[in-house]
Ligand SMILES: [Zn+2]
């Protein structure tokens, strides 16, 4: 059947119960590789960060990177896993051109961490995701297929291989089957990966850049006729590399598999490729069973037997976990759930926290980052973090508003000046002449001119109609291009005419 025959999503989840399994590969941000001293800098010239070990040359012997083991243990602890007292590396044997050793050093039945869980907030309710295991392994090199239109091997004239990535330490985090999500499965998958990204960022073990492949997600999905039925055959969609794609890939697989099952066909156990452009998956290779890899314990590496004291020490020094921290920060800032979701969605929480730390109120910090600055970032095609303005400067703009030196309208021009590199907020105010005029001599003269130009209005105020003062205040503001202190102008008008 072709991929265009899909069942509408709502119909699919009405008839079938989806079960997911998510495998997330995290590239650790260690300075050197997993089993050798090669550098791990992203984007370096191809094949400049290699050595006999990571190229798999005969006789080269690997040595385990202690920092990588430490990171793996910390990840396991943060996911409430047990840390193995004794764990081994294993050889996963298969041929692939970007894997020079013809086996990947990984872990099989003796992972470093296992049996954990983590709680994910999805639309205000908590979903517990059980963690099967978190194991260590090394990354492969990277193939570049040249000459085709899709960048895939099909249609390419030749391929190039870059081994800089070969041997970079990875931790693979595998969930147990996630059941019971129903129609919410795509949202749960997305929320889990987002949650994991935040948790890993908090641990400082990876830069978790999905766009650079340092966080990669494989989506396993199967359907069954009801929650009581046995698990169906699953597909594994590889390398889904953005949060939005995770959500879309789950959705697509549900619709695709429902169409197969409706037609009385069977779902093939296979790996599938995700296509960002069409939002669809296509068939990859039929999935090997574990026995196909002929796993066996790695003879060149010592087992990992982390001392309990070390594990306890790592446990004691874990940073506050993301979800806990987020709940605490939300209470401190006094944001509603909806406000918090907007803030997190815009990636603005650290910026808002820093702005508040620099003296602004939470409400004003949120207002500037989510309205004015979000709009400017969007117009410039940048992230909020990349805008050339610091939280301290945003707090500075708000301080000028609070002190009555500028009003909201002028404050926006101050932001423009700071973003244009004209200096600190006060410097922009001075250079652009944006300050609100509250100097009585200047204001008094302007009020006198307004009274003279509007004798009818002045007469009404003299007769006791204070509400008419608005017209005179408006005239003064107009003359002073919006830079008059409106409160002081009102006082002067009343003083002069009553
Ligand atoms: Zn190396």
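The values are calculated or read from the model by the stated rules, or taken from the named source; none is laboratory data. Please read these numbers as outputs of a predicted model, since none were measured by experiment. Quick reminder, even Gly has a Cβ in these numbers, built from the backbone with ideal geometry, and neighbours come from all protein chains shown.
Key figures
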item: Count of the stretch 313-368 residues which are at pLDDT 90 or above, within 30 Å of residue 83 (Cα to Cα) and in a helix (DSSP H, G or I); result: 4
item: Residue within the stretch 119-129 that is more than 26 Å from residue 180 (Cβ to Cβ), at pLDDT 95 or above and touching a strand residue (DSSP E or B) at 6+ places or on another chain (Cβ under 8 Å) present; result: no
item: Test set (1) outside any helix (DSSP H, G or I); (2) in the same structural domain as residue 389 (by TED's automatic domain parsing) - residue 426 fails condition number; result: (1)
item: Pairs, first more than 14 Å from residue 104 (Cα to Cα) and free of Cβ contacts under 8 Å to residues at least 24 places away in the same chain in the stretch 43-58, second part of a loop (DSSP other than H, G, I, E, B) and more than 7 Å from the ligand (Cβ to nearest atom), C-beta under 7 Å, six or more apart; result: 52/60
item: So residue 27, is it within 16 Å of the ligand (Cβ to nearest atom), surrounded by fewer than 14 Cβ atoms within 10 Å (Cβ to Cβ) and modelled with pLDDT of 95 or more; result: no
item: Qualifying positions in the stretch 200-230 - assigned to a helix (DSSP H, G or I) and either surrounded by fewer than 21 Cβ atoms within 10 Å (Cβ to Cβ) or not assigned by TED's automatic domain parsing to the domain that holds residue 25 (or both); result: 201, 202, 203, 210, 211, 212
item: Enumeration of residues in the stretch 399-410 that are crowded, with 21+ Cβ neighbours inside 10 Å and under 12 Å from residue 360 (Cβ atoms); result: 400
item: Residues of the stretch 8-28 classified as out of contact with any strand residue (DSSP E or B) (no Cβ under 9 Å at 6 or more places or on another chain) and in a loop (DSSP other than H, G, I, E, B), total; result: 1
item: Pair list, Cβ < 7 Å and 6+ apart or interchain, from the stretch 386-414 residues that are not assigned by TED's automatic domain parsing to the domain that holds residue 484 to residues that are surrounded by fewer than 15 Cβ atoms within 10 Å (Cβ to Cβ) and assigned to a helix (DSSP H, G or I); result: 401/408; 413/432
item: Flag if residue 468 is more than 30 Å from residue 396 (Cβ to Cβ) and either touching a strand residue (DSSP E or B) at 6+ places or on another chain (Cβ under 8 Å) or without any contact (Cβ under 8 Å) to a residue 40 or more places away in the chain (or both); result: yes
item: Test: residue 52 is at pLDDT 95 or above, away from the ligand (no atom under 13 Å from the Cβ) and over 20 Å from residue 135 (Cα atoms); result: no
item: Which listed residue is more than 24 Å from residue 123 (Cβ to Cβ) and free of Cβ contacts under 8 Å to residues at least 60 places away in the same chain, from 306, 230, 319, 297; result: 230
item: Only listed residue being in contact (Cβ under 8 Å) with a residue 60 or more places away in the chain, farther than 30 Å from residue 262 by Cα and more than 16 Å from the ligand (Cβ to nearest atom), chosen from 72, 8; result: 72
item: Complete set of residues in the stretch 437-470 that are surrounded by fewer than 19 Cβ atoms within 10 Å (Cβ to Cβ), under 54 Å from the mean Cα position of the chain (by Cα) and more than 18 Å from residue 481 (Cα to Cα); result: 467
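Every residue, every condition in (1) closer than 22 Å to residue 304 by Cα; (2) surrounded by fewer than 18 Cβ atoms within 10 Å (Cβ to Cβ); (3) at pLDDT 95 or above; (4) touching a helix residue (DSSP H, G or I) at 6+ places or on another chain (Cβ under 8 Å), yes or no:
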residue: 41; (1), (2), (3), (4): no, yes, no, no
residue: 63; (1), (2), (3), (4): yes, yes, yes, no
residue: 83; (1), (2), (3), (4): yes, no, yes, yes
residue: 89; (1), (2), (3), (4): yes, no, yes, no
residue: 102; (1), (2), (3), (4): no, yes, no, no
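Residue-wise test of (1) outside any loop (DSSP other than H, G, I, E, B); (2) near the ligand (Cβ under 9 Å from one of its atoms); (3) assigned by TED's automatic domain parsing to the domain that holds residue 104.
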| site | (1), (2), (3) |
| --- | --- |
| 35 | no, yes, yes |
| 42 | no, no, yes |
| 47 | no, no, yes |
| 59 | no, no, yes |
| 63 | no, no, yes |
| 67 | yes, no, yes |
